[in-house]
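**Q** Quick one: structure below, then a few questions.
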Amino acid sequence: MDKIWVLAEQHDGVPVGVVLELLTAARGFGNVIEVVTWGPSSVSAVTALGQYGAAKVYDVGDIGESLPGPKVAAAMAARISGGDGPDAILIGATHDGRDIAARLSVRLDLPVLTNVVGFDASEGGLTTEHTIFGGSMVLRAVFTGGAPGIFVIRTKSFAAEPVEAAEPPSPEVVAIDVPETGASDAARVVARHEEERSGPKLDEAAVVVSGGRGLGSPDNYALITELAQLLNGAPGASRAIVDAGWVPYAFQVGQTGKTVKPMVYIACGISGATQHMVGMKAAKNIIAINKDQEAPIFAIADLGVVGDVTKVIPRLIEAIKVRR
Amino acid sequence: MNVAVCVKQIPDTADPPALDPRDHTLVREGKLIMDDSDSYGVEMGLQLVEAGGGGEVSLVSMAPNGETTGLRNALAIGAARAILVSDPVLSGSDALGTAKVLAAAMRRLEPDLVLAGTESTDGYTGTTPVQVAELLGWPSVSFAKHIEISDGLLRVQRQTEAGYDEVTCPLPAVVTVTAGVVEPRYPSFKGIMAAKSKPVEEVTVAELGLDPSEVGSAGARQQVISVEAVEARKAGEIVVDQGDAHERVISFLQQLKIL
Ligand SMILES: Cc1cc2nc3c(=O)[nH]c(=O)nc-3n(C[C@H](O)[C@H](O)[C@H](O)COP(=O)(O)OP(=O)(O)OC[C@H]3O[C@@H](n4cnc5c(N)ncnc54)[C@H](O)[C@@H]3O)c2cc1C
């Protein structure tokens, strides 16, 4: 493939993790890699994007309080109609990424291919791998609709590696205009809230300790937090207890939450629904604690403890404290 | 205020999913149920209409063979009517093709608000509702975990990867709701009986004014090469806790140099 675009979502000038993963992947099959970014601090991200292989940065600039979907998609579509288009557009499966992909697909009248976890360019064209059925099967496909193909890639599908060069490319920055978006851009962000978290980030931690409905009550989530802290890890959760309001959504692991790949994942009182497992089954090691010996989570656990989480975890916490 | 809710009818999630070996599309035969992810949109729609003091909730669904079984429950809990788009040419539609059909149905209904799930349980591409918004030229707010409406303005708490944003948005608009946004109600006996006589309008692609080449497998532009099972992780050691299982966890963490 000649030219690849990667959507470079960044916050406060720091590209989100999946952007660096996609730049790394794009280097495997693209000759020229360019990115599209936006936001008030977009220029601060340029160096980091260059270190991962971006040769050119298209900058939509500050979009104010708009949600990114309408403006960023319109700017990309205009550039593509102007004849500067790539052969493929890689977009990370974040909330904003999915909105942009959806609106871009309509503007270009091209399909979006989602849940991509792998690329294969060895036979000329670009073959994509998609997880289906909650990650239990993988489908291989080629896009037949002409350029550009729009691909939405699941996070943590590739490892991020910077370019091996003494002098990484310092990308050219090109400002791009946003055409009139009309009513489609009428939504406004009036306030932003970030969940307070201490310790490592959930999708970067070497140890993740997650709790599910088997904890029995919201108060027992304190056991998860304490165990995670003792192991220098991050606490996570199944969707069941996020929906129940025990912990915020930012803790959720799984298909609609975060994908994690820690050294150890400890699932406590989690049954192992496919939608949960797709977000954690790439962990190097999995420990599961569940009182039901038949729980599906045991089928993928390296160490399974059949027992009551409200008894096993307090003893585990005590034993770790004693060792200190 | 009138709300339209996109409702997907899918194979029962209790049955293992299957692909048609000829064209690798999802098999949608047998009994269909309403996707659980859509029950939150239906409930949210009912609550917004109730709070707004007027209007009604309509359902819009695209499904093969005039299928309506997955709509009955939503009609039984209070939706007033449904538009069902059913047409053999729709077989093999991708997200964009589906969005074109849903958007055409919305043009017919002219709702103030379109609600949908963030993603379906069976296909989970998660792009269709925002594609509908772009086709209609409307704003959208995805991943809503809380919605209020006052003076024609939506106030939405939108989940982000780090927390949530408060977003305002004028109507008409498309909003996708997460599970947990509301607790779907159960149908009453009276509601189930009443649902039987609620109008379900069945329309074809031609009746919506769409060109068949834009939808169905003709519009999908993706050629499937193979479908394979992912190599499963193997189960490891199992210990049954007799008051000492935590010691095995400790030694496991020690081997990994975590402790
Ligand atoms: C479209 C879609 C997307 C989804 N996305 C996600 C997602 O991103 N992440 C996610 O997690 N889920 C997701 N789900 C939901 C998923 O299907 C499951 O419902 C959810 O993961 C179940 O959470 P759980 O394991 O905590 O609860 P349950 O399935 O209720 O399991 C609780 C477990 O705890 C065990 N238990 C009970 N008491 C004890 C005790 N005292 N000690 C030890 N064990 C005990 C039980 O044996 C059981 O196995 C999604 C579903 C859909 C349809």
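**Q** Looking at segment B:9-34, I want the residues that are more than 25 Å from B:Q223 (Cβ to Cβ) and have a partner that is of a type in the set (F, W, Y) with Cβ atoms under 8 Å, at least 6 apart or on another chain. Which pairs are those?
**A** none
**Q** Next question. If the requirement is being surrounded by fewer than 20 Cβ atoms within 10 Å (Cβ to Cβ) and basic (K, R), which of these qualifies: A:R27, A:R98?
**A** A:R27
**Q** In segment A:122-145, what count of residues is obtained for those that are at the interface with chain B (Cβ under 7 Å from one of its Cβ atoms) and free of Cβ contacts under 8 Å to residues at least 60 places away in the same chain?
**A** 10
**Q** Just a yes or no: is a residue in segment B:191-214 facing chain A (nearest Cβ under 10 Å) and touching a helix residue (DSSP H, G or I) at 6+ places or on another chain (Cβ under 7 Å)?
**A** Yes, segment B:191-214 has at least one match.
**Q** Taking segment A:41-50 on its own, how many of its residues are in contact (Cβ under 8 Å) with a residue 60 or more places away in the chain and over 20 Å from the mean Cα position of the chain (by Cα)?
**A** Of the residues in that region, 4 qualify.
**Q** Please enumerate the residues belonging to segment A:248-258 that are modelled with pLDDT of 95 or more and more than 9 Å from the ligand (Cβ to nearest atom).
**A** Once the filter is applied, which keeps residues that are modelled with pLDDT of 95 or more and more than 9 Å from the ligand (Cβ to nearest atom), segment A:248-258 yields only A:F251.
**Q** A further question on this structure: Filter segment A:272-298 down to residues that are more than 25 Å from the chain's Cα centre (by Cα) and not in a loop (DSSP other than H, G, I, E, B) and give me whichever is farthest from B:V240 (Cα to Cα).
**A** A:F298
**Q** Another question about this same structure. Report, by residue number, each residue of segment A:299-318 that is part of a helix (DSSP H, G or I) and near the ligand (Cβ under 7 Å from one of its atoms).
**A** If the condition is that a residue be part of a helix (DSSP H, G or I) and near the ligand (Cβ under 7 Å from one of its atoms), then A:V309, A:T310 are the ones that fit.
**Q** Which one of the conditions (1) part of a helix (DSSP H, G or I); (2) more than 9 Å from every other protein chain (Cβ to nearest Cβ); (3) farther than 28 Å from A:A93 by Cα does A:I224 fail to meet, given that it meets all the rest?
**A** For A:I224, the exception is condition (3).
**Q** Looking only at segment A:1-33, filter to residues that are touching a helix residue (DSSP H, G or I) at 6+ places or on another chain (Cβ under 9 Å) and assigned to a helix (DSSP H, G or I); which one of those is farthest from A:L67 (Cα to Cα)?
**A** Per the criteria, the residue is A:L23.
**Q** Pick from segment A:283-324 the residues that are in contact with a strand residue (DSSP E or B) (Cβ under 8 Å, 6 or more places away or on another chain) and in contact (Cβ under 8 Å) with a residue 60 or more places away in the chain: which of them is nearest to A:A273 (Cα to Cα)?
**A** A:N290
**Q** Got at least one residue in segment A:146-161 being more than 17 Å from A:L23 (Cα to Cα), in a strand (DSSP E or B) and within 13 Å of chain B (Cβ to nearest Cβ)?
**A** No: zero hits.
**Q** Take the residues in segment B:80-125 that are of a type in the set (D, E) and under 15 Å from the mean Cα position of the chain (by Cα); name whichever of them is surrounded by the fewest Cβ atoms within 10 Å (Cβ to Cβ).
**A** B:D122
**Q** Any idea which residue in segment A:278-296 is farthest from the ligand (Cβ to nearest atom), counting only those that are more than 10 Å from chain B (Cβ to nearest Cβ) and over 16 Å from A:F133 (Cα atoms)?
**A** Here the answer is A:E294.
**Q** Please find, within segment A:259-277, the residue that is farthest from the other protein chains (Cβ to nearest Cβ) out of those that are within 10 Å of the ligand (Cβ to nearest atom) and buried (at least 24 other Cβ atoms within 10 Å of the Cβ).
**A** It comes out as A:I270.
**Q** Tell me the residue from A:R239, A:R192, A:R197 that is charged (D, E, K, R), at pLDDT 95 or above, closer than 30 Å to A:N115 by Cα and not assigned by TED's automatic domain parsing to the domain that holds A:T310, please.
**A** A:R192
**Q** If you go through segment B:116-143 one residue at a time, how many are within 16 Å of the ligand (Cβ to nearest atom) and not small (G, A, S)?
**A** Within segment B:116-143, residues that are within 16 Å of the ligand (Cβ to nearest atom) and not small (G, A, S) number 10.
**Q** Here is a list: B:V182, B:V167. Which entry is more than 10 Å from chain A (Cβ to nearest Cβ) and in contact (Cβ under 8 Å) with a residue 12 or more places away in the chain?
**A** Exactly one of B:V182, B:V167 is more than 10 Å from chain A (Cβ to nearest Cβ) and in contact (Cβ under 8 Å) with a residue 12 or more places away in the chain, namely B:V182.
The values are calculated or read from the model by the stated rules, or taken from the named source; none is laboratory data. For clarity, every value in this text was computed on a predicted model and none was experimentally measured. Cβ: placed from backbone, ideal geometry, glycine included. Neighbour counts: every protein chain shown.
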